[in-house]
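Here the structure comes first, spelled out in structure tokens, and everything after it is commentary.
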Amino acid sequence: MTEPENASSASGGSELRYDPIADEPRWVEAWDASGALRADPESRRPAYSIAIPPPNVTGALHMGHALNNSIQDVLIRSHRMAGFETLWICGTDHAGIATQAQVEKALAREGLTRNDLGREAFVERVWAWRAEYGGTIIGQLRRLGATLDFSRERFTLDEGYARAVQHTFVDLYNKGHVYRDNYMVNWDPGLGSAISDLEVEDREVTDALVQIAYPLADGSGELIVATVRPETMLGDTAVAVHPDDERYRHLVGATCILPLVGRELPIVADAYVKPEFGTGALKITPAHDPNDFELARRHDLPAISVIGEDGHILAAMGERYAGLSPEQCAERIMADLQAEGLLRGTESYTHTVPFSHRSGRRVEPLISLQWFCDMKRLAEPAMAAVADGSVTFTPAHWSGVYMRWMQEIRPWCLSRQLWWGHQLPVWYRGEEVFVGLDAPQGEGWERDPDVLDTWFSSGLWPFATLGWPEPTAELARFYPTNVLSTARDILFLWVARMVMLGIEYMGEVPFADVYIHSVIQATDGRRMSKSLGTGVDPLELIDEHGADALRFGLLLMSSQQDVRFSADKIRQGRQLVTKIWNATRLVITRGGCAGATTPPEARTVADRWMASRVTEAIELGAELIARYEFSRLADVIYHLVFDEFCDWYLELLKRDEATPEVAGDLLEQILALVHPMMPFVTEACWEQLPGADGLMLLHAPPRPPGARDAQAEALANTLQQAVTAVRAWRSRHAMSPRTGLTVTLDGFALGEFAPAFAGLANVEIGPVADDAQVLALEAGQLRIVAPAGEVDTAAEIARLRAELERVERELTRAEAMLVNERFVARAPAALVDAEREKVRRFSGERDVLAEQIGALGT
């Protein structure tokens with residue numbers, strides 16, 4: 001068997017307990033050394049590929065990474081075992097804003113700024129930072145057990161990838177999609193750069209909603225406008241009202257005077273205005289509000305900038321306001337309005353305001369000269385791909401969300417005012433503009449200092465990582481990828497753009513399926529965040545419970561789109577790890593082994609039952625993986641291992657009611673089933689099992705160990721009910737498990753399981769007196785007698801009477817439903833049948849309870 005050196009040092013063939021913290025790291029090295037993680041483009045096996053959503057080079061493993069990479073690893077491992085040539089594309093994103101911010105913080109601690117260094121030296125400093133810290137998250141993914149192809153690790157700023165990015169920008173420019181224009185952007189004054197929507201977070205803020213009188217130009221009155229940003233009124237170019245608002249319909253087409261400035265403003269009608277907000281009259285400031293910007297374009301209104309890129313009021317606004325912060329300017333304007341008698345009132349107003357996730361500053365919508373990409377033509381085939389099923393979403397409702405966004409797509413601002421990133425391949429000489437892969441010839445050309453939005457380079461990830469634009473063997477073999485697993489917050493920023501660019505440059509979609517995984521929230525329902533104190537560090541959980549426990553727990557809790565973190569489910573994973581290890585040791589001590597090419601003969605009903613259960617789990621497991629139902633998969637595995645294999649089958653094995661050869665084969669198939677989800681402990685157990693060969697990583701997929709056997713399953717179910725009922729009866733009467741009981745099986749038989757029942761329940765099967773107590777099962781009844789003095793008759797009669805009252809209430813309710821003619825006529829047939837079944841069942845239980853109470857002497 002191929003195994004890592006010192007294989008027994010942590011799990012140890014002779015160790016009684018499994019220590020995942022000590023044992024797991026050695027398997028990471030074993031998987032690497034096996035060569036199985038490196039994909040072979042020349043292989044004749046069918047290809048299966050996934051491109052990891054590249055984590056930021058600045059990043060450390062967080063809960064979202066842990067969940068998503070556990071999901072992807074389940075998919076990759078299961079397909080590797082199934083005989084596919086698998087490639088899990090590995091790499092990191094240069095993360096322009098985040099990385100530059102990290103290095104600038106380090107410089108600040110030295111008393112320096114990036115301007116002190118200059119661009120070239122600063123970029124060299126960032127590369128040095130990346131060399132020192134950039135591999136952190138890759139190492140953490142290894143510790144999680146992720147089997148990425150680490151030999152092909154890519155970086156979105158490596159030489160080949162950078163060439164692909166430049167090529168794309170130039171090509172889109174030559175096709176007329178990329179252009180330079182003044183347009184509304186999210187401006188972060190703290191960074192001094194435009195930022196994407198992902199870097200914007202909405203916060204709830206309470207501001208003053210101010211009512212300001214705008215005198216009508218003809219002197220006939222005034223129009224009162226409500227605003228939370230009086231500082232931007234200096235840039236107003238109109239007042240808008242709703243066309244159906246009777247209060248203002250007569251003013252449409254008239255003009256009013258902008259207070260403090262004196263500029264005459266047209267009064268326009270537009271359906272965007274909400275009549276119920278404020279006074280129903282809206283000041284229009286096209287340069288500082290995206291909705292106003294669009295309204296201004298519809299009405300051909302000019303835009304006047306008030307706030308500059310440094311976040312302060314521009315000099316053009318006059319000496320009284322120039323250089324002030326927006327907050328200072330608002331205070332001064334309020335005072336000036338009060339002095340002129342134009343302030344009509346204020347009230348508190350709570351609303352959401354955009355802030356930069358990076359700098360923490362309030363985002364200013366500004367009109368800025370930037371490079372944009374017109375997305376309309378690129379979006380059309382990307383929408384068609386979803387409409388015709390070439391790309392499918394799970395859960396399915398995300399396809400509708402995707403389509404609605406694509407239908408309303410706006411130009412994409414590509415340029416960022418940073419130094420770290422893909423510098424635009426654009427040069428200027430006076431009014432001349434040159435766009436190309438190489439610098440233009442001649443004197444006087446200056447390169448644009450801006451860099452591309454990080455999401456532009458990320459949009460090429462599924463094919464640029466495979467060598468595009470060169471025609472590589474990897475590109476031909478592994479593009480398109482099979483599935484993308486990602487979070488919903490980057491559906492538009494990344495997923496949609498990959499679809500658009502994949503179709504544009506590869507002629508086909510970059511993946512067939514998009515799985516939108518759950519968001520793990522804090523235990524109180526808030527988002528996980530270090531700053532909020534709600535974060536949970538997955539690395540700490542790995543150090544405490546092991547990676548298998550973390551993987552299992554996260555997958556088990558990921559049943560919905562928003563789920564609260566559960567430490568109990570991580571502990572549940574740790575318990576399952578221990579259970580699998582102990583089960584393996586027991587099977588080995590009983591003579592079980594692995595390596596059977598065909599299922600060993602099932603000699604007992606216990607063998608047939610367990611083989612049937614494992615077969616169902618294997619078949620269902622494959623379906624659940626195909627449907628991305630990882631929570632159900634975890635649940636199926638947990639109950640198979642805990643409730644069936646360990647709690648019942650192995651107990652039967654101890655009593656020689658099961659066959660060691662069959663037990664060994666069943667364990668092998670269970671380990672293969674569990675391996676994609678919990679790879680470490682399954683490797684450790686496989687290593688110990690006699691007859692095992694090679695790594696579980698390269699094991700065949702789980703083989704059904706036998707046919708489905710409904711008869712054996714029904715018998716086992718009855719056995720479990722009977723044993724559980726007797727144990728519960730003993731517990732209810734505070735009776736020792738060693739106290740012998742006599743029982744009669746009434747209306748059913750246990751067949752081959754009869755000896756097992758007698759042993760597991762510690763009962764003697766035989767005739768009992770008429771006053772025996774009755775335990776109702778689905779298959780029939782157990783009549784049970786205890787030695788004299790073991791049962792408190794009075795307490796038992798009280799319990800039975802309480803139960804009889806409950807059953808009679810349920811019976812009365814069900815009978816009332818069935819005498820309701822409307823219910824019987826209109827309710828679904830299955831619901832009516834269910835009520836009839838309740839009447840039958842509760843009637844039987846009532847009779848049994850009455851009989852028991854009578855037998856006890858009342």
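The values are calculated or read from the model by the stated rules, or taken from the named source; none is laboratory data. Please read these numbers as outputs of a predicted model, since none were measured by experiment. When we count neighbours, we look across all protein chains shown, and the Cβ atoms used for this are built from the backbone with ideal geometry, even at glycine. All accessible areas refer to the heavy atoms of the entire protein, side chains included, with ligands and DNA or RNA removed. Shrake-Rupley method; radii C 1.70, N 1.55, O 1.52, S 1.80 Å.
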Handout entry: residue 37 crowded, with 16+ Cβ neighbours inside 10 Å and either of a type in the set (A, V, I, L, M) or in contact with a Pro (Cβ under 7 Å, 6 or more places away or on another chain) (or both)
Key = yes
Exercise for the section: Go through 182, 174 for me and flag whichever is modelled with pLDDT under 95, out of contact with any helix residue (DSSP H, G or I) (no Cβ under 6 Å at 6 or more places or on another chain) and among the polar types (S, T, N, Q). Expected result: 182
Practice task
Identify the single condition in (1) more than 17 Å from residue 93 (Cβ to Cβ); (2) part of a helix (DSSP H, G or I); (3) touching a residue at least 60 places away in the same chain (Cβ under 8 Å); (4) in contact with a helix residue (DSSP H, G or I) (Cβ under 7 Å, 6 or more places away or on another chain) that residue 476 does not satisfy, given that it satisfies every other one.
Solution key: (4)
Completion exercise
Cβ pairs under 7 Å, 6+ apart or interchain, first in segment 644-661 and under 11 Å from residue 606 (Cβ atoms), second at pLDDT 95 or above and open to solvent by 70 Å² or more (accessible area, probe 1.4 Å), ordered by first then second residue, are 653/590
Completion exercise
The correct count of residues that are part of a helix (DSSP H, G or I) and either within 25 Å of residue 841 (Cα to Cα) or among the aliphatic types (A, V, I, L, M) (or both) in segment 758-777 is 3
Handout entry: Subset of segment 436-462 [within 19 Å of residue 178 (Cβ to Cβ) and surrounded by 20 or more Cβ atoms within 10 Å (Cβ to Cβ)]
Key = 450, 451, 452, 453, 454, 455, 456, 457, 458, 459, 460
Exercise for the section: Taking the residues in segment 320-370 that are part of a strand (DSSP E or B) and of a type in the set (Asp, Glu) as candidates, determine which candidate is most open to solvent (accessible area, probe 1.4 Å). Expected result: 347
Practice task
Please enumerate the residues belonging to segment 734-747 that are open to solvent by 30 Å² or more (accessible area, probe 1.4 Å) and of a type outside the set (Asp, Glu).
Solution key: 734, 736, 737, 738, 740, 742, 744, 745, 747
Problem - Test: residue in segment 388-402 that is of a type in the set (D, E, K, R) and either crowded, with 16+ Cβ neighbours inside 10 Å or not in a loop (DSSP other than H, G, I, E, B) (or both) - result: no
Handout entry: Subset of segment 45-62 that is in a loop (DSSP other than H, G, I, E, B), more than 20 Å from residue 96 (Cβ to Cβ) and modelled with pLDDT of 95 or more - its residue that is least open to solvent (accessible area, probe 1.4 Å)
Key = 46
Completion exercise
Across segment 746-756, the tally of residues that are touching a Ser or Thr at 6+ places or on another chain (Cβ under 9 Å) and under 10 Å from residue 782 (Cβ atoms) stands at 1
Handout entry: From 826, 799, 846, 813, residue being open to solvent by 70 Å² or more (accessible area, probe 1.4 Å), modelled with pLDDT of 90 or more and not β-branched (Val, Ile, Thr)
Key = 813
Problem - Sole exception among (1) closer than 18 Å to residue 341 by Cβ; (2) assigned to a loop (DSSP other than H, G, I, E, B); (3) open to solvent by less than 40 Å² (accessible area, probe 1.4 Å) for residue 280, by number - result: (1)
Exercise for the section: List the helices (runs of 4 or more DSSP H) that sit entirely inside segment 639-748 and contain at least 1 residues that are over 20 Å from residue 610 (Cα atoms) and of a type outside the set (Asp, Glu). Expected result: 679-688, 710-732
Exercise for the section: For segment 417-435, state whether one or more residues are open to solvent by 50 Å² or more (accessible area, probe 1.4 Å) and in contact with a Pro (Cβ under 6 Å, 6 or more places away or on another chain). Expected result: yes
Problem - Residues being surrounded by 16 or more Cβ atoms within 10 Å (Cβ to Cβ), touching a Ser or Thr at 6+ places or on another chain (Cβ under 9 Å), touching a residue at least 40 places away in the same chain (Cβ under 8 Å) and part of a loop (DSSP other than H, G, I, E, B) - total across segment 593-633 - result: 4
Exercise for the section: Just need a number here: residues in segment 642-656 that are closer than 27 Å to residue 74 by Cα and surrounded by fewer than 21 Cβ atoms within 10 Å (Cβ to Cβ). Expected result: 5
